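Participant: Pasting in a structure now, in structure tokens, and then I'll have a few things to ask.
Laboratory data are not the source of any read-out in this text; all were calculated from the coordinates shown. Not measured: the values here are computed from a predicted model. As a convention, Cβ positions derive from the backbone with ideal geometry for all residues, glycine included, and neighbour counts pool all protein chains shown.
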Amino acid sequence: MDPNFESKLEAYAELTLKVGLNLQSGQRLLIGVPVYNTGVPLEAAPLVRLLVAKAYQMGARYVDVIWGDDEVLLARFENARPDTLMEYPSWKADVLLDYVQQGDAILTVLGNDPDLLKGQNPEWVSRVRKTVLECTDPAMEYVRRSAINWSVIAVPVKDWAAKVLPDIAPAEQVKKLWDAIFITCRLDQLNPVAAWEVHLRQLVSRCEFLNEKRYLGLRFIAPGTDITLGLPEGHVWTSAHMTNQKGVPFTANLPTEEIFTLPHKEKAEGIVRASMPLSYGGTLFEDFTLTFHEGRVVQVQAKKGEEMLRKLLEVDEGSCRLGEVALVPHPSPIAQIGLLFYNILLDENAATHLALGSAYKFSLESGRSMSDEDFAAIGGNRSMVHIDFMIGSQEMDVDGIAPKGVIEPVIRQGKWAFKVG
Ligand code: ZN
Ligand code: ZN
């Protein structure tokens, strides 16, 4: 094996544990969170073994791995009786709940074929997805409250690499996708951990700047997009670099380029066009526009995936409202690579985006300790889904709406319009 690859893989494992999770001595670690996929893809084994060894070296009390496999999931869709699709093993929900309740760390490893469920009945796909979300919701509440240190990373697998890099020889696809992920994670730099410290500090300064502004709203203008979002009182801008309830700083996903907060769930007015295709749970949504009135999606149009998109909007009361607004300057290092990754972790960090569905409680001042009712009363959206979709490009302008209707530039032609130290 390429010795250069080996050392990059090792650096990736180290970055994940130190900058991503900031794993604390004495913590347990669960690798594989059966919510976004069925568990860690088998092809991630070389990285997972490194993670486990390093985690113990850092003082982990116990490391558990939940493996998952696209083929196994597909076999279920192709062969199981439809009336069994509401089945979810309670131990999977229990193990996750046990880890988060005990204040341990959890790591999601994404690496899945974006087209896996393409030919499957959308009704069944959404039934399975809804069941998983319902069963794991009590555990995910700890994540939404940022109670623990968690992180999400990506690992190339064959089918995914083939989708991202169709023009490259099949034998080279996985390696090329690794190269791209290494670059987005700044592992091509001499000291990646130090490079991340500088980058994360920048993101934190941008958050501080916007938090002082206390904007009442934001207006997004780009071809096909003109939407104004109200921001609730007490909204907080955060980056993926946050602090959990025990005061441990961690980075919720690697790579990350965004800063985000929550829009008021009843104050979205206008039309928004996706600037990139969106791959969600095995379905691809392409070239779609959503029209909002009083915070709700009132009109949907999509070249591809319209039926599934409508289904997602109907999952529950909150899935047709917004829970996140995130700013990413263009071009971000991820956009610069010029690939569509068909993976939300990477694609959302390529561009300014919004998310349908749940808002994070930590996006609101004292939100972490708020009841669902109080959170909703201030404008925080609640839903079982959280679906990021990209709207940013080099043609996007974003205005901040200050008190008394004063308009201030936040982003101009994709780039930050304000400086921080
Ligand atoms: Zn985001
Ligand atoms: Zn999001």
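Participant: Consider all pairwise Cα distances in region 156-257 and report the whole-number % of them above 23 Å.
Facilitator: Above the 23 Å cut-off, region 156-257 has 53 percent of its Cα pairs.
Participant: What are the ³J(HN,Hα) couplings of region 297-309, residue after residue, when phi is run through the Karplus curve with 6.51, -1.76, 1.60 and θ = phi - 60°? Round to Hz, x for glycine and proline.
Facilitator: Result, ordered by residue: 6, 10, 8, 10, 9, 8, 5, 9, x, 4, 4, 5, 4 Hz.
Participant: Calculate the length of the line joining the C-alpha centroid of region 349-421 to that of region 288-321, in whole Å.
Facilitator: Region 349-421 and region 288-321 have Cα centres separated by 18 Å.
Participant: Could you name the aspartates and glutamates whose alpha carbon sits less than 17 Å from that of residue 175, not counting residues in the same chain fewer than 8 places away?
Facilitator: 2, 6, 10, 43, 113, 159, 167, 188
Participant: Further question on the same structure: Which value in Å is the Kirkwood Rh of region 182-320 over different Cα pairs?
Facilitator: Hydrodynamic radius (Kirkwood, Cα pairs) of region 182-320 is 17.5 Å.
Participant: I'd like to know how region 308-395 sits against the 2.2 N^0.38 Å rule of thumb: what's its Cα Rg over that expected value?
Facilitator: Working it through for region 308-395, the quotient is 1.21.
Participant: Continuing with this model, one more query. Just to be sure I understand: with springs between alpha-carbon atoms less than 10 Å apart, which residue in 179, 372, 159 has the highest mean-square fluctuation in the Gaussian network model of the chain?
Facilitator: Largest GNM mean-square fluctuation: 372.
Participant: As an exercise, use a Förster radius of 30 Å and the Cβ-Cβ distance of residue 213 and residue 316 to find the FRET efficiency, rounded to the nearest 0.05.
Facilitator: Given R0 = 30 Å and the Cβ-Cβ separation, E is 0.40.
Participant: Further question on the same structure: Quick one: grab Rg to one decimal and Dmax as a whole number for region 1-55, Cα atoms only, in Å.
Facilitator: In Å, with Rg to one decimal and Dmax whole: 12.0, 34.
Participant: May I ask which of 163/419; 163/311; 18/213; 213/265; 130/213; 163/265 have a Cα-Cα span longer than 29 Å here?
Facilitator: Cα-Cα > 29 Å for 163/419; 18/213; 130/213; 163/265; rest within.
Participant: Between Rg and the Kirkwood Rh of region 122-192, both from Cα atoms, what is the Rg to Rh ratio? Let's see the in-between values first.
Facilitator: Details: Rg = 17.6 Å, Rh = 15.4 Å.
Rounded to two decimals, Rg/Rh equals 1.14.
Participant: Would you give the gap between the C-alpha center of region 176-229 and the C-alpha center of region 236-272, rounded to a whole Å?
Facilitator: First find each Cα centre; the distance between them is then 11 Å.
Participant: Also, quick follow-up: For the chain, set up a GNM with springs between Cα atoms under 10 Å and report which of 374, 137, 226 has the largest fluctuation.
Facilitator: Checking each option, the largest mean-square fluctuation is seen for 374.
Participant: How big is region 10-107 on each of its three principal axes, counting only the C-alpha atoms and giving the largest first in Å?
Facilitator: 45, 29, 17
Participant: Enumerate the amide H contacts of residue 241 below 5 Å, restricted to partners 5 or more residues apart or on another chain; note that Pro and chain-start residues carry no placed amide H.
Facilitator: Here the answer is 252, since their amide H atoms fall under 5 Å of that of residue 241.
Participant: Based on C-alpha coordinates, I'd like the Rg and Dmax of region 3-184, in Å.
Facilitator: 17.1, 50
Participant: Rg to Rh for region 81-169: what is it, with Cα atoms only and Rh by Kirkwood? Show your work: numbers first, answer last.
Facilitator: On the way: Rg = 16.2 Å, Rh = 15.4 Å.
Radius of gyration relative to Kirkwood radius: 1.05.
Participant: Another question about this same structure. When the Karplus curve 6.51 cos²θ - 1.76 cosθ + 1.60 is applied with θ = phi - 60°, which whole-Hz ³J(HN,Hα) does each residue of region 313-319 get, with x for Gly and Pro?
Facilitator: Rounded to whole hertz, the list is 5, 9, 4, 7, 4, x, 6.
Participant: To the nearest 0.05, what FRET efficiency results for residue 79 and residue 293 with a Förster distance of 45 Å applied to their C-beta separation?
Facilitator: Step by step, r from the Cβ atoms, then E = 0.55.
Participant: To continue, here is another question. Rounded to whole Å and sorted largest first, what semi-axes of the equivalent ellipsoid does the C-alpha gyration tensor of the chain yield via the square root of 5 times each eigenvalue?
Facilitator: Calculated on Cα positions only, the semi-axes equal 30, 25, 23 Å.
Participant: Of the peptides 330-342, 140-152, 116-128, 74-86, how do they stack up when ordered by the mean number of other Cβ atoms within 10 Å, highest first?
Facilitator: Values: 330-342: 18.2, 140-152: 20.8, 116-128: 16.2, 74-86: 11.8.
With the highest mean Cβ count within 10 Å placed first, the list reads 140-152, 330-342, 116-128, 74-86.
Participant: Under the rule of at least 5 residues apart or a separate chain, name every residue whose amide H is placed under 5 Å from the amide H of residue 155.
Facilitator: Under 5 Å from the amide H of residue 155 lie the amide H atoms of 110, 111, each far enough along the sequence or on another chain.
Participant: Continuing with this model, one more query. How high is the relative contact order of the chain, given as a whole-number percent (alpha carbon pairs under 8 Å, six or more residues apart)?
Facilitator: 15 percent.
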